[in-house]
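Just so you know, all these numbers are worked out from the coordinates, no wet-lab data involved. It should be emphasised that the depicted structure is a prediction, and the values quoted were computed from it without experimental measurement. Don't worry about glycine lacking a Cβ; one is built from the backbone with ideal geometry, like all the others, and counts go over all protein chains shown.
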Amino acid sequence: MANSAEFAQKLRAKFGDLVSEPAEFRGELTVVVADAERIAEVAAFCKAELGLDYCADVTGLDNYGEDPRWTLVYELFSLSHNAYLRLKTSVSEEKGELPTVCNVWRTADWHEREVYDMMGVRFSGHPDLRRILMWEGYPYYPLRKDFPLAGKPTELPEVAFSRVTPMEGGPFVTVPGGKDSAAREPRIRTPEN
């Protein structure tokens, strides 16, 4: 039965410097695919040759202020080997697009749509790349680091809130200090606190 380290070695043997040496953190292995344009090729090899038959998640990280801005993370699992491997690749804000892996793992469909919806990263070749959480026509990407925590006003009354979310006592604001963490939790505060 193969393990994550063997998966990483086989990727390096097949793709050479396109795939980094594996990095281990808390018992999990991650390899970085240097060229985002080849992520689908690497993904196809992972499934067909390594048996990584389940794409558990595709997520995006916003490295705001850095280039490349976006890091895409693919959480892969082999049901037959009971082993995980994480792939990462990066794409610049200017490019903002990389190939879909939906044709490799059908589960990537909604994951890629969520990354697109929340961060604005596009996936070329995706069969149905449209918003999955926000409504069509929403002009912003809420998980970008430059999106304000208070939100932005909308021009679409009746569809969503038409005012900016108040920050006092909102879900992202805690009070510094206090006797314990419960006192700092915004959901239990009253206006008198």
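Observations on the model:
- Inter-label distance for Glu24 and Tyr54, nm, one decimal - labels placed 7 Å from Cα along Cα-to-Cβ: 2.4
- Extension gain for the segment Glu93 to Arg38, taken as residue separation times 0.36 nm less the Cα-Cα distance, is 18.0 nm to one decimal.
- Annotation for segment 42-57 versus segment 94-115: alpha-carbon center distance of 14 Å.
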